[in-house]
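Working notes, structure below.
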Amino acid sequence: MEVDMKSMVVADENNKQQERAPGEERAPGEESDGSPKKRKLGGIKTMPFILANEVCDRFAASGFHANMITYLTQVLNLPLVQASNTLSNFAGTASFTPLLGALLADAVAGRYWTIVLGSIFYELGLISIVLSAVLPSLRPPPCPTQVNCQEANTTQLWVFYISLLLTSLGSGGIRPCVVTFAADQFDMSKSKVTSRGWNFFNWYYFSMGMATLTAITVVVYIQDNVGWGWGLGIPAMAMAISVVAFVIGSRLYVKLKPGGSPLTRLAQVIVAAVKKRNMPVPEDPGLLYQNKELDAVISVHGRLLHSEQFKCLDKAATVTEEEARNSGPPNLWRLVTVHRVEELKCIVRMLPIWAAGILLVTCSSHLGSFTIIQARSMDRHLSRSFQIPPASLSIFANLTMLSGLVLYERVFVPFIRRFTGNPVGITCLQRMGIGFTINILGGIVASFVEIKRKKVAAAYHLLDDPKAIIPISVFWLVPQYVIHGIAEVFMSVGHLEFLYDQSPESMRSTAAALYWVAISGGNYLGTLLVTLVHNNTGKERNWLPNRNLNRGRLERYYWLVSGIQVINLVYYLVCARLYTYKPVEESICKEDEEAEPAKDEVPAKNMANGANGNAGEMELSADAERA
């Protein structure tokens, strides 16, 4: 028997006002009586405080990590492969903890307090690593010859690992929340983004690139020429400043309420769909369960509209006769709204695209470590008295990325929009695809440079001297850095923008965490790949030897990862071709001269895919969220 949903509407509008605890932040653009007003919190004035936190954090992280392969191999005296795997495992852990931080932010604490807590943990980790570098008892004796060196003992390694763990926990609170918290300060609806004339994610990434550029020049130089105490102490001081700057601006921020555990909501959809697996789905999507009041906290900027994909999940929003007769709050483990079903659909649609980033990181995870070892064996002189620190070579990737972001915004987008008609030039999926392609070229170029480096070493009979400086300029490594910088303009920014834009708004911290989880998975797989290559390429001409890279075959490793990236690109193109963008009903707020439509009025352009205003909608009390 078909249920007449239109008879189930509860008409009392006064009961739709949700109770708000004293002192609680109102949603952006909302007066005390629920009417819209011009937003006073947020906006561009908050950026100095938020970006100061992220810039100092990125400065500290880059200064800490950029030269860490040198610290591990020349201060702690670890073998090359062990040191490289240690850094990849640490990077993997530091990129996995953002998922935990995002769940904490979205479910309980909110983004602001998660950032503060993460910053404190990060600072404790940096202080610990400074003590490890300063106190002689926490490091092995120096070994200038790098032959028969005494490696760090168990206690010294554990102090170092605990420091890394603390910084990983700190990253878990900072990384998924800062970019989404900064975006919360602006209206990120599609209409506003296209009318602004500038891309928030481009300028966010530009700010981070400037911080990284400063770190890999100033901090790395200090580490190589002054000492590790100051070289690690300066990032620790920068991180302390970032916490203070962020807290000072707290009164200016828009702080959206956490919408409850996103994992719980996703689980409720799955459980409800399984329980109703034998129940037919109505042909009219308007008969599926909708409840604006129930979804108010998790759809501040507009509800998700019904889509035709994964229709088996629509069973979770199908109303039974018994549920139709029930006037109380629904049992969310048996009946959920269309918006919540679409949240799960969004995540399912995003996962194949997201997964393509994992293999990209796998192929790139160890390139920085190996390139620094290559650079250390090459002529790095700019003058008779000044040498470029090996870890500072990444300055070329950062300079390329910074200039590339400006050119992308000011030249590429205006030019390409003439052909595409897209206000932002190209879609984030197209942007990512270009990045994947360019990154493959970087690996191929790197392999030819390594062949050239070893030819010069052989010509001067230096293959058996791992400490020798080969008479070949370190600037041979610059092209691969430039290529990777260009790829980052397209891939990294496009990936982050895709995850933010296509995720449900109540799960944006979690979606940003997926960006870091992809990096985490890629680093762990990179460790596995390097270990397999090292263990299975023989002892005489091992591709990745521990002490003498001149006798290795690093170019073959570069060919291997380039081949993996080609396969990954094909996979990505198939996924991107099949991807469907999320349908959303944008809420309209009154700002400046813009007038608000009538309360029950829904613009015609938002009526697609079964969204039909209040018709066919069951509205229950907000207490249902707690059922």
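Tallying residues that are part of a loop (DSSP other than H, G, I, E, B) and either among the acidic types (Asp, Glu) or within 31 Å of the chain's Cα centre (by Cα) (or both) within the stretch 280-313 yields 18. For the stretch 242-269, name all the residues that are buried (at least 16 other Cβ atoms within 10 Å of the Cβ) and in a helix (DSSP H, G or I). Correct list: Ser242, Val243, Ala245, Phe246, Leu252, Pro262, Arg265, Leu266, Gln268, Val269. Taking into account only those residues within the stretch 270-302 that are out of contact with any Leu (no Cβ under 7 Å at 6 or more places or on another chain) and within 13 Å of Glu323 (Cβ to Cβ), which is surrounded by the fewest Cβ atoms within 10 Å (Cβ to Cβ)? Taking the candidates together, the pick is Met279. Within the stretch 33-72, the set of residues being of a type in the set (D, E, K, R) and at pLDDT below 70 comprises Asp33, Lys37, Lys38, Arg39, Lys40. Looking at Ala511, Ala518, Ala468, which one is modelled with pLDDT under 90, out of contact with any Cys (no Cβ under 6 Å at 6 or more places or on another chain) and either surrounded by fewer than 21 Cβ atoms within 10 Å (Cβ to Cβ) or over 30 Å from Cys177 (Cβ atoms) (or both)? Of the residues listed, the single one that is modelled with pLDDT under 90, out of contact with any Cys (no Cβ under 6 Å at 6 or more places or on another chain) and either surrounded by fewer than 21 Cβ atoms within 10 Å (Cβ to Cβ) or over 30 Å from Cys177 (Cβ atoms) (or both) is Ala468.
Say we look at the stretch 88-102 and pick out the residues that are among the aliphatic types (A, V, I, L, M) and buried (at least 22 other Cβ atoms within 10 Å of the Cβ); which of these is nearest to His534 (Cα to Cα)? My answer is Ala91.
Please specify each residue of the stretch 56-84 satisfying the condition of being polar (S, T, N, Q) and crowded, with 23+ Cβ neighbours inside 10 Å. Don't jump to the end; show me each part of the working.
Start the filter on the stretch 56-84 by keeping residues that are polar (S, T, N, Q), which leaves 62, 67, 70, 73-74, 77, 82, 84.
Answer for the stretch 56-84, where residues must be polar (S, T, N, Q) and crowded, with 23+ Cβ neighbours inside 10 Å: Ser62, Asn67, Thr73, Ser84.
With respect to Leu528, is the statement that it is surrounded by fewer than 19 Cβ atoms within 10 Å (Cβ to Cβ) and either of a type in the set (Lys, Arg) or in contact with a Pro (Cβ under 9 Å, 6 or more places away or on another chain) (or both) true? Break it down into steps so the answer makes sense when it comes.
Details: surrounded by fewer than 19 Cβ atoms within 10 Å (Cβ to Cβ): yes; either of a type in the set (Lys, Arg) or in contact with a Pro (Cβ under 9 Å, 6 or more places away or on another chain) (or both): no.
No; evaluated as a whole, the condition is false for this residue.
Being among the basic types (Lys, Arg) and closer than 30 Å to Phe436 by Cβ holds for only one residue in Arg410, Arg380, and it is Arg410. Looking across the stretch 474-524, just one residue is polar (S, T, N, Q) and not in a helix (DSSP H, G or I), and that is Ser503.
Would you check if Leu462 is in contact (Cβ under 8 Å) with a residue 12 or more places away in the chain, assigned to a loop (DSSP other than H, G, I, E, B), in contact with a strand residue (DSSP E or B) (Cβ under 8 Å, 6 or more places away or on another chain) and crowded, with 18+ Cβ neighbours inside 10 Å?
So Leu462 passes the test.
The C-beta contact set for the stretch 209-223 (first residue in contact (Cβ under 8 Å) with a residue 60 or more places away in the chain and surrounded by 20 or more Cβ atoms within 10 Å (Cβ to Cβ), second residue polar (S, T, N, Q) and not in a helix (DSSP H, G or I), distance under 6 angstrom, 6+ apart or interchain) comprises Val220/Asn67; Gln223/Asn67.
Just a yes or no: is a residue in the stretch 73-88 outside any helix (DSSP H, G or I) and modelled with pLDDT under 75?
Restricting attention to the stretch 73-88, the residues satisfying the condition of being outside any helix (DSSP H, G or I) are 75-79.
Checking which are modelled with pLDDT under 75 leaves us with none.
No, the stretch 73-88 contains no residue that is outside any helix (DSSP H, G or I) and modelled with pLDDT under 75.
Restricting the first member to the stretch 538-563 and to residues that are within 18 Å of Val147 (Cα to Cα), and the second to residues that are among the acidic types (Asp, Glu) and not in a helix (DSSP H, G or I), the beta-carbon pairs closer than 9 Å and six or more apart or on different chains are Asn548/Asp464; Asn548/Asp465; Asn550/Asp464; Asn550/Asp465; Arg551/Asp464; Arg551/Glu540.
Going by the conditions given, is Glu540 among the charged types (D, E, K, R) and assigned to a helix (DSSP H, G or I)?
Details: among the charged types (D, E, K, R): yes; assigned to a helix (DSSP H, G or I): no.
In short, no.
Is it true that some residue in the stretch 403-424 is more than 20 Å from the chain's Cα centre (by Cα), closer than 27 Å to Leu359 by Cα, surrounded by 16 or more Cβ atoms within 10 Å (Cβ to Cβ) and in contact (Cβ under 8 Å) with a residue 60 or more places away in the chain? Walk me through how you get there before you give the answer.
Within the stretch 403-424, the first condition is being more than 20 Å from the chain's Cα centre (by Cα), and the residues that meet it are 403, 406-424.
Right, trim to closer than 27 Å to Leu359 by Cα and you get 403, 408.
Filter once more, keeping what is surrounded by 16 or more Cβ atoms within 10 Å (Cβ to Cβ): 408.
Of the ones still in play, those that are also in contact (Cβ under 8 Å) with a residue 60 or more places away in the chain are 408.
Checked the stretch 403-424: at least one residue is more than 20 Å from the chain's Cα centre (by Cα), closer than 27 Å to Leu359 by Cα, surrounded by 16 or more Cβ atoms within 10 Å (Cβ to Cβ) and in contact (Cβ under 8 Å) with a residue 60 or more places away in the chain.
Just one of (1) over 24 Å from the mean Cα position of the chain (by Cα); (2) assigned to a helix (DSSP H, G or I); (3) under 30 Å from Pro389 (Cα atoms); (4) not small (Gly, Ala, Ser) fails for Ile438. It is (1). Annotation: Phe436 fulfils all but one of (1) surrounded by fewer than 21 Cβ atoms within 10 Å (Cβ to Cβ); (2) at pLDDT 90 or above; (3) hydrophobic (A, V, I, L, M, F, W, C); (4) out of contact with any strand residue (DSSP E or B) (no Cβ under 6 Å at 6 or more places or on another chain); the unmet one is (1).
Take Tyr571 and decide whether it is hydroxyl-bearing (Ser, Thr, Tyr) and surrounded by fewer than 21 Cβ atoms within 10 Å (Cβ to Cβ). Lay out the reasoning, then the answer.
Working: hydroxyl-bearing (Ser, Thr, Tyr): yes; surrounded by fewer than 21 Cβ atoms within 10 Å (Cβ to Cβ): yes.
In short, yes.
Against the list (1) surrounded by fewer than 22 Cβ atoms within 10 Å (Cβ to Cβ); (2) closer than 29 Å to Asn89 by Cα; (3) in contact with a strand residue (DSSP E or B) (Cβ under 9 Å, 6 or more places away or on another chain), the condition Pro479 fails is (3). Considering Leu252, Leu332, the condition of being more than 30 Å from Ala52 (Cβ to Cβ) and touching a helix residue (DSSP H, G or I) at 6+ places or on another chain (Cβ under 7 Å) is satisfied by Leu332 alone. Among the candidates Lys605, Lys590, Lys599, Lys582, the residue that is at pLDDT below 85, within 30 Å of Lys292 (Cβ to Cβ) and in contact with a Cys (Cβ under 7 Å, 6 or more places away or on another chain) is uniquely Lys582.
Residue by residue through the stretch 314-337, note down the ones that are assigned to a loop (DSSP other than H, G, I, E, B) and closer than 20 Å to Met507 by Cα.
Going through the stretch 314-337, the residues assigned to a loop (DSSP other than H, G, I, E, B) turn out to be 318-320, 326-337.
Listed by number, the residues that qualify are Leu332, Trp333, Val336, Thr337.
The values are calculated or read from the model by the stated rules, or taken from the named source; none is laboratory data. The model shown is predicted, which means the values in this text are computed figures rather than measured ones. All Cβ positions, glycine included, derive from the backbone under ideal geometry; neighbour counts span all protein chains shown.
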